[in-house]
Amino acid sequence: MYMKTIPAKLKSFIRDNSIIARSPGRINLIGEHTDYNEGFVLPAAIDKAAYFVLTPRNDNAIKLFAVDLEKGFETTTDNVQKIKNAWPNYILGVVAQFQKRGINVSGFDAALMADVPIGAGLSSSAAVECATAIALDKLCNTSLDRFTLVKMAQKAEHEFAGVQCGIMDQFASAFGKSGYAIRLDCRSLEYEYEPLDMAGIKIVLFDSNVKHSLASTEYNTRRQQCEEGVALISRHYPEIKSLRDVTLSMLNEHVKEKKPLVYQRCKYVIEENQRLLAACEDLQKNDLHAFGKKMYRSHNGLSKEYEVSCTELDFLVDCVKNSPDVFGARMMGGGFGGCTINLVKEEAVESLSKKITEDYYKHTKKELKTYIAQTDDGSSLINAK
Ligand code: GLA
């Protein structure tokens, strides 16, 4: 049982029989838009999380309350459906997954709070889904294994939030470990913890404060374009089922001329997978200069080839690109807003953040937020006592 302190504002919702779950947000060091292509990712759970206090009821009502938003939502267990308001979907979507498995979910009250910034690309939605999943697992006494819970949380995102996301966010939220990043093979789901002992270096997130409404439609479009690339190749190589097995020469031969845009998208994904594997070797050798260079290349690919960046994120990466205090930087997550992730010399964090905040405001008229990401453990139940 995790012994973290429960946010003060949640305490009044806790009863003797309450189940309290915590699940963190995530960063991703490298390997973006590779998860749904059966590639590799390198995320870590962070010290910002969603907290979910669930109290069983004797009837079939589901009464949800979002403490930060001061908003409630009510339904019943026989009427769990996708709704228009966004936040209840992350909870209801998980309830629906339990019900789809024939599990009887009784009524409950739930209070939700998160200190993961919403819409910043730190996977606040996956944090809520995973917290809900482990709380419901306890409520229903199902003892489902963690992979199953992760997949149910991912399905909730597909079916209730409408984003055809890969598995990275929910996986990182559930499997995170303090002091480590996780190298996950999204095809086999085999994973390894990579120690992140970067003495004197901080992982700094610059939050652009931008969230473009395009994000989810463009995300789903990118996924389709990758599938289109695979379909063109598998006509010639029927054994190929994902971009994981596609080589650049196959792409050049069978996609480049027919579908230049699909080619561009697929090329980025293939190269990003190769970059990630090489970057893990850099990490093992503690060569952060080499690692950082790959982050910049990853950003360039995301911006110019995969086209999921935006002017604000590009500006933030350009600002640090020539700084001797920054090893590497890139946009992080789905894109079209959210944060950049930067590896920064500890002694320079404050002055750099001040300068970028000023420059960003001058350039965009938007406020920049800076977070220092600390790695942390993944989802767990919390003991209130
Ligand atoms: C979002 C999705 C993830 C992943 C990233 C891009 O965060 O939820 O599954 O695809 O975008 O790497």
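Give me the net charge of Ile103's neighbourhood, meaning all other residues with Cβ under 13 Å from the Cβ of Ile103; Lys, Arg count +1, Asp, Glu -1.
Taking every other residue near Ile103 into account, the sum is +2.
Can you flag which of Lys11/Lys48; Lys63/Lys366; Lys177/Lys267; Lys267/Lys355; Lys177/Lys355; Lys138/Lys211 are past 26 Å Cα-Cα?
Lys63/Lys366; Lys177/Lys267; Lys267/Lys355; Lys177/Lys355; Lys138/Lys211
If you keep only loop residues by DSSP, which GluC sites (Glu not before Pro) in region 230-287 have at most 12 other Cβ atoms within 10 Å of their Cβ?
Sparse-neighbourhood loop GluC sites (Glu not before Pro): Glu239, Glu257.
For region 1-41, state the semi-axes of the equivalent ellipsoid (square roots of 5 times the eigenvalues of the alpha-carbon gyration tensor), sorted largest first and rounded to whole angstrom.
After diagonalising the Cα gyration tensor, the semi-axes are 35, 11, 9 Å.
What are the extents of the Cα atoms of region 34-102 along their three principal axes, listed from largest to smallest and rounded to whole Å?
44, 30, 24
Ratio of alpha-carbon Rg to the 2.2 N^0.38 Å globular estimate for region 7-126, to two decimals, please.
That works out to 1.17 for region 7-126.
P(r) tail for region 144-221, what percent of Cα pairs lie past 20 Å?
It works out to 50 percent of all Cα pairs.
Kindly provide the GluC sites (Glu not before Pro) of region 1-108 that DSSP labels as loop, not H, G, I, E or B, and whose Cβ sees at most 13 other Cβ atoms within 10 Å.
Glu70
Share of Cα-Cα pairs in the chain beyond 30 Å, in percent?
40
Let me check I have the definition right: for region 211-354, take the eigenvalues of the Cα gyration tensor, multiply each by 5, take square roots. What are those semi-axes in whole Å, largest first?
Its equivalent ellipsoid spans semi-axes of 31, 19, 11 Å.
Anyone know which of Arg244, Arg235, Arg223 comes out most mobile in the 10 Å Cα GNM of the chain?
Sorting by GNM fluctuation, first place goes to Arg235.
Against the globular-protein guess of 2.2 N^0.38 Å, express the Cα radius of gyration of region 71-135 as a ratio, rounded to two decimals.
The value comes to 1.12.
Taking only Cα atoms, what is the 0 to 90° angle, nearest 10, from helix 260-284's long axis to the longest principal axis of the chain?
Here the helix axis deviates by roughly 80 degrees.
For region 249-321, I need the span (max minus min coordinate) of the C-alpha atoms along each principal axis, in Å, sorted largest to smallest.
Principal-axis extents of the Cα atoms in region 249-321, largest first: 41, 30, 12 Å.
Readers should treat all values here as calculations from the given coordinates under stated rules, not as data from a laboratory. As the structure is a computational prediction, the values presented were derived from the model and not from experiment. Note: ideal-geometry Cβ built from the backbone for every residue, glycine included; neighbour counts use all protein chains shown.
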